[in-house]
Structures are given as C-alpha cells and as structure tokens.
1. Taking residue 35 as the residue in question, decide whether it is basic (Lys, Arg) and surrounded by 15 or more Cβ atoms within 10 Å (Cβ to Cβ).
2. Would it be correct to say that residue 59 is on the phi > 0 side of the Ramachandran plot and surrounded by 12 or more Cβ atoms within 10 Å (Cβ to Cβ)?
3. Can you tell me which residues in region 48-74 are acidic (Asp, Glu) and modelled with pLDDT of 85 or more?
4. Residue 145: surrounded by 10 or more Cβ atoms within 10 Å (Cβ to Cβ) and modelled with pLDDT of 75 or more, yes or no?
5. Determine, yes or no, whether residue 51 is closer than 30 Å to residue 6 by Cα and either outside the structural domain of residue 13 (by TED's automatic domain parsing) or exposed (fewer than 12 other Cβ atoms within 10 Å of the Cβ) (or both).
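The values are calculated or read from the model by the stated rules, or taken from the named source; none is laboratory data. For clarity, every value in this text was computed on a predicted model and none was experimentally measured. Cβ: placed from backbone, ideal geometry, glycine included. Neighbour counts: every protein chain shown.
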Amino acid sequence: MKRALGVLYRTFYSTERSILLIPVNNISIEESYQRFCGAVQQGAHHSIPRGFDPTYTPCLGQECQDLLKQHEESGDPDIADHLIELLDAARQHRWEELTSKMNFTHSSRKSWALIHRLGAAQQPPKSSHLSVSANAVAAHLIQVAKAPHDKKFER
C-alpha cells in the first residue's frame, strides 16, 4: 500500500511540475490537451517501476543460492535434498526467533500484526447450513402437531 501511494505521489508531483510549463495563452485547446496528456504519460513513465521483480524465497541465503545453481547445472537429487534441508532449517530458525521475540506486554502491535499475517485472527468461516429461527421451528411444530379435523368430534 505504501509503495502504491509513493508511486501515486511521484506521478502527481511530476505531472504537476510539467503542467505548470504548459502556456495558458497563445496555443489552441487541442494543443493544450495534447500537452496535458503528454505530461500525465511522462509523469507515469518516470515514476511507475517497470521490469522483472524476482520471486522472493524466504531464507534463501548465499549458501542456498550456490546449492540451487549446482542443482540446476547438474540435476543431482542429493544436492536438491541438501538444499531443502538447509531451507527447512533456516525457516525453522527464523520461526523460532520470531516467536520468541513476541511480547504482548511490551509491543502488542507487532505481535498482533504477526498473528494477523498468519491468518489466525481472521473470522471463523461461516457455516454452510442455514440457521433456523425459533419462529420457523414453532411454525413447523404447529403444522405437524395438528390432528386431522373430524366432524363427529366437533363439540
């Protein structure tokens, strides 16, 4: 969210500086419009990042990257197993470090943020069956409990 706001702010700032350079008089409305569109496109071009953003792999240190290159070159399954073991150990260490630092008394905001990121603080899923109201139960009981009407026993 912060990144998107930063891009929006940079685009706005760049566009605003360019718009101030468009003359008010001496050019037609069509020319002013063309220059305005060019200023917006130029601002967007300068401030919106482009290119490939590599996929982030948590705990992929230098040793793991070297093992990954070796595995890609050789295709050896033993290297892949060792790489997975290293990644698991690094992730386990990171998890233990993160949970040991959780402190609800000192900084509960960080702890609750972690819980929210993990998804534990989400609302429980709603049940798939429809809830039955008391009025619906009562109406059903009245329908089921009615005896058939017999004219001999009217009184």
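1. Considered against the rule, which asks whether it is basic (Lys, Arg) and surrounded by 15 or more Cβ atoms within 10 Å (Cβ to Cβ), residue 35 comes out as yes.
2. yes
3. 63, 66, 72, 73, listed by residue number.
4. Criteria not met by residue 145.
5. Yes: the conditions hold for residue 51.
Let's see how each residue does on (1) out of contact with any helix residue (DSSP H, G or I) (no Cβ under 9 Å at 6 or more places or on another chain); (2) among the charged types (D, E, K, R):
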residue	(1), (2)
20	yes, no
28	yes, no
56	yes, no
77	no, no
101	no, yes
108	yes, no
117	yes, yes
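Each row is one residue, and each column tells you yes or no for (1) in contact with a helix residue (DSSP H, G or I) (Cβ under 9 Å, 6 or more places away or on another chain); (2) hydrophobic (A, V, I, L, M, F, W, C); (3) on the phi < 0 side of the Ramachandran plot; (4) assigned to a helix (DSSP H, G or I).
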| residue | (1), (2), (3), (4) |
| --- | --- |
| 16 | yes, no, yes, yes |
| 23 | yes, no, yes, no |
| 31 | no, no, yes, yes |
| 37 | no, yes, yes, yes |
| 64 | yes, yes, yes, yes |
| 80 | yes, yes, yes, yes |
| 85 | no, no, yes, yes |
